[in-house]
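Worksheet: the structure to be examined is printed underneath.
The values are calculated or read from the model by the stated rules, or taken from the named source; none is laboratory data. As the structure is a computational prediction, the values presented were derived from the model and not from experiment. Counting neighbours? That spans all protein chains shown, and the Cβs are built from the backbone with ideal geometry, glycine included.
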Amino acid sequence: MNVLGIIASGVAALFITVALAKGARRAALHSHVPDEPAGRAPRAGALRRPGGPAVVLGGPAVVLGVGAAAGGALWLGAADDSAGSVAGLLAGAGTVAALGLVHDLKPLWGALRLAVQTAAAVLVVCLAGLSPAASVLAVLWIVLVTNAFALLDHADGLLTAVGLVTAAGLLASAAVDGSTALALLPTTLAAGLAAFLLHNWHPARLRLGASGAQFTGFALAASGALIQTAAPSGRAAWAALPALATVALADTALVLISRRRAARSLLRDTDDHIAHRLRRVRVTVPGTAVLLALWAGVPVTTGTLVYAELLHPALLLLPLAGTVAAVFALLRIPAYAPPRTAPPRTAARRTQAHTTGAAIPSTASAPGGGGPAPGKGASAGPARTAAGHPTVPPPPTGRSAAAVAAERS
């Protein structure tokens, strides 16, 4: 397939994704969706934010749009000698997307999801014909990057923008070698994400969910692995292409380090990602997406130029050093609420006594007597005489109760 065929595939993915996204949006608007407490997105269906528009699961629109365009191009003979590798990549990405859709409807165990992702990665590397050692490294890389990109789906437009920048870098790297077959999936993926970004930008009407996020991450990771495998021996693909996943890996490293230092579960998702920390320093949601897209653009551009042999591979250390410095700076932004301290024991006892009406025992004596102080005895009720009648409190004038009784009689 020539360049015009690749462009036609991207245009097809763009229009198919737009049509499917609009259909999903309209279907959700006609359905009655209950409000979700605190405006948090559920795993399945749609969400009607309190005081805002409904957010619908739109990941299948990207999967079907990209898959239909790429599959149609393969059927028309786009890949030629690399048809097996590209078909395996598309099949593996579809399998991961189907698993993500099931996870959106009913949460699955992490071990099961990891096993299916590994099997899909094995399918890709087997059809690509890699050596055993390279196959093991490629499988580990694909699984790692897939989950790293999927973790970016926690803010409006974030994963879509970063994935679009990364797909553009993969497309440029494939174009350098003139490999139209390996440029097919990055082209259709970039077009599909661009169409989806219209609905995923803040305030988002559609969200990728686990299906769209894992499909995007797997397609990017597997495409990078195949481009690196097909690269000529003289190119520094081993250093250039991993740089394209810098932001996703930095977010994962930030989360793992932060949870490890706070003695929290590594698998429990909380508000401790890059976007959450930027929000705590008053960066807006659209600003966060733009900032991370620009951050991703620096290593993507540098890696692409290194892959094209226009820059020395040593220059990749600059965006890497900047990323490490940014991660350490983000670690200084508090991500977890401070633990609640228990109230003092005396304050707790006073609160309990005020609530139940019981007096707080005390060893202090009343002035001029040896018994407990008034109001601090064993009983909180009024004082009584020996006959059981309540005593008369002294009047404001300070006269005795007997004098007051004599005057009244």
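Is one or more of the residues making up region 170-188 in contact with a Gly (Cβ under 7 Å, 6 or more places away or on another chain), among the polar types (S, T, N, Q) and within 19 Å of residue 91 (Cβ to Cβ)? So far as region 170-188 goes, yes, one or more of its residues are in contact with a Gly (Cβ under 7 Å, 6 or more places away or on another chain), among the polar types (S, T, N, Q) and within 19 Å of residue 91 (Cβ to Cβ). Got at least one residue in region 229-244 being under 22 Å from residue 201 (Cα atoms) and surrounded by 15 or more Cβ atoms within 10 Å (Cβ to Cβ)? No, every residue in region 229-244 fails to be under 22 Å from residue 201 (Cα atoms) and surrounded by 15 or more Cβ atoms within 10 Å (Cβ to Cβ).
Taking residues in region 270-290 that are at negative phi, and partners anywhere that are surrounded by fewer than 17 Cβ atoms within 10 Å (Cβ to Cβ) and among the small types (Gly, Ala, Ser), not one pair has Cβ atoms closer than 6 Å while being at least 6 places apart or on different chains.
More than 26 Å from residue 283 (Cα to Cα), modelled with pLDDT of 95 or more and surrounded by fewer than 24 Cβ atoms within 10 Å (Cβ to Cβ): is that true of residue 122 in this structure? Taking the combined requirement at face value, the residue does not satisfy it.
Considering only region 19-32, I want to know if a residue exists there that is farther than 17 Å from residue 160 by Cβ, modelled with pLDDT of 90 or more, of a type outside the set (Ser, Thr, Tyr) and surrounded by fewer than 20 Cβ atoms within 10 Å (Cβ to Cβ).
Taking region 19-32 as the starting set, the residues that turn out to be farther than 17 Å from residue 160 by Cβ are 19, 23, 26-32.
From what's left, modelled with pLDDT of 90 or more: 19.
Filter once more, keeping what is of a type outside the set (Ser, Thr, Tyr): 19.
Filter again for surrounded by fewer than 20 Cβ atoms within 10 Å (Cβ to Cβ), leaving 19.
The answer is yes; a qualifying residue exists.
Per the conditions (1) without any contact (Cβ under 8 Å) to a residue 12 or more places away in the chain; (2) part of a helix (DSSP H, G or I), the sole criterion not satisfied by residue 311 is (2).
Quick grid of which residues meet (1) more than 16 Å from the chain's Cα centre (by Cα); (2) among the basic types (Lys, Arg); (3) closer than 21 Å to residue 321 by Cα:
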residue: 243; (1), (2), (3): yes, no, yes
residue: 247; (1), (2), (3): no, no, yes
residue: 257; (1), (2), (3): no, no, yes
residue: 268; (1), (2), (3): no, yes, no
residue: 273; (1), (2), (3): no, no, yes
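Restricting attention to region 65-84, which residues are surrounded by fewer than 17 Cβ atoms within 10 Å (Cβ to Cβ), part of a helix (DSSP H, G or I) and aliphatic (A, V, I, L, M)? 83, the sole residue that qualifies.
Being modelled with pLDDT of 90 or more, within 30 Å of residue 116 (Cβ to Cβ) and of a type in the set (Ser, Thr, Tyr) is not true of residue 265. Take the conditions (1) surrounded by fewer than 17 Cβ atoms within 10 Å (Cβ to Cβ); (2) outside any helix (DSSP H, G or I); (3) in contact (Cβ under 8 Å) with a residue 40 or more places away in the chain; (4) in contact with a Leu (Cβ under 9 Å, 6 or more places away or on another chain); residue 266 misses just one of them, which is (3).
Every residue, every condition in (1) part of a helix (DSSP H, G or I); (2) surrounded by 23 or more Cβ atoms within 10 Å (Cβ to Cβ); (3) at pLDDT below 95, yes or no:
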residue: 86; (1), (2), (3): yes, yes, yes
residue: 103; (1), (2), (3): yes, no, yes
residue: 108; (1), (2), (3): no, no, yes
residue: 134; (1), (2), (3): yes, no, yes
residue: 163; (1), (2), (3): yes, yes, no
